[in-house]
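See below for the structure under consideration.
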């Protein structure tokens, strides 16, 4: 009987030892994760933009301070607009002048101008006729000695000058009748287009005296103060972009086939592990790299991994840039994938 009891006790002890042994890996964290669940590690991307003016000038207003929340399109600062406004007015005047010149060339000569040229040509014809008659009389009188050779030469010169004036008047009339040359109109149109481009550039420079934020964010730094002279290379504000929130995570090559763009995942932070954020895999790097030190875990220290970009749909102020996060991918997250 004692032997039977001893055997039963030994069996119970062995069973307890076996149960304890087989539960040991799970109590150490080994294999506690189901086969259909994947855990990744990463950080919230630091997304900042350094803002400055595209034109040089004197800073007139700085409208926001460090820590202020801004929306896309909000004006952060303004330059003195006087130089830009002067440039716009000068360009507008140049455009107006060249536009008037083009219209004049396209319209051609007025009827009154043509009539005036016609009258001048008629007058020159009359002068030529009188000079021709005077020369003919002098030529006939010269053999009889009634007129000197000098008088004859002078009469011939007067006839030649009258003929030249008549020909000049005729060519001037013909030019007016033909109208403006197409090449002159084309040149005037090209000059007008160049002036219009200068006007557009001047207006753009005037618009650029306002510094607007490109996206929603929080002002991190206010680098310049009103009165400072800034150039296009100077930083005026540093903005932290809040939307969208991106998480940079890494996945090892054996698990690469378990994720795809568009897959929904859960993202949790250490500050609120019980409140996961919904995210979507937006990008998977095609190039392998070594695991960054900031997300290195003991079993991934020497592995090559692929970078993921995860877009957080329901981010709030508790999820801050640079914060370490954990990405959890379960079987239910991958449904509907390719």
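The values are calculated or read from the model by the stated rules, or taken from the named source; none is laboratory data. Just so it is clear, the structure is predicted and the values come from calculations on it, not from any experiment. Every residue, glycine among them, receives a Cβ derived from its backbone with ideal geometry; neighbour counts consider all protein chains shown.
So, residue 162, is that one at pLDDT 85 or above and either over 30 Å from residue 193 (Cα atoms) or in a helix (DSSP H, G or I) (or both) or not? For residue 162, the condition - at pLDDT 85 or above and either over 30 Å from residue 193 (Cα atoms) or in a helix (DSSP H, G or I) (or both) - is met.
Would you mind stating whether residue 182 is outside the structural domain of residue 116 (by the TED database), surrounded by fewer than 13 Cβ atoms within 10 Å (Cβ to Cβ) and either more than 24 Å from residue 55 (Cβ to Cβ) or touching a strand residue (DSSP E or B) at 6+ places or on another chain (Cβ under 8 Å) (or both)? For residue 182, the condition - outside the structural domain of residue 116 (by the TED database), surrounded by fewer than 13 Cβ atoms within 10 Å (Cβ to Cβ) and either more than 24 Å from residue 55 (Cβ to Cβ) or touching a strand residue (DSSP E or B) at 6+ places or on another chain (Cβ under 8 Å) (or both) - is not met.
Quick check on my filter: what residues within region 36-63 are assigned to a strand (DSSP E or B) and under 23 Å from the mean Cα position of the chain (by Cα)? Hits for region 36-63 are 48, 49, 50, 51, 57, 59.
Can you list the strands (runs of 3 or more DSSP E) found entirely within region 220-292 that contain at least 2 residues being within 24 Å of the chain's Cα centre (by Cα) and buried (at least 17 other Cβ atoms within 10 Å of the Cβ)?
Working: elements: 237-241, 245-252, 264-269, 277-290.
Output list reads 237-241, 245-252.
Among 119, 112, 84, which is the only one that is assigned to a helix (DSSP H, G or I), in contact with a strand residue (DSSP E or B) (Cβ under 8 Å, 6 or more places away or on another chain), more than 30 Å from residue 242 (Cα to Cα) and not assigned by the TED database to the domain that holds residue 214? Within the list 119, 112, 84, the selection yields 84.
Mind counting the residues in region 280-295 that are under 17 Å from residue 254 (Cα atoms) and either touching a helix residue (DSSP H, G or I) at 6+ places or on another chain (Cβ under 9 Å) or at pLDDT below 80 (or both)?
Going through region 280-295 one residue at a time, the tally reaches 6.
Does residue 128 qualify as being free of Cβ contacts under 8 Å to residues at least 24 places away in the same chain, surrounded by 13 or more Cβ atoms within 10 Å (Cβ to Cβ), over 30 Å from residue 187 (Cβ atoms) and out of contact with any strand residue (DSSP E or B) (no Cβ under 7 Å at 6 or more places or on another chain)?
no
For residue 154, the requirement of being loosely packed, with under 15 Cβ neighbours inside 10 Å, in the same structural domain as residue 96 (by the TED database) and assigned to a helix (DSSP H, G or I) is not met.
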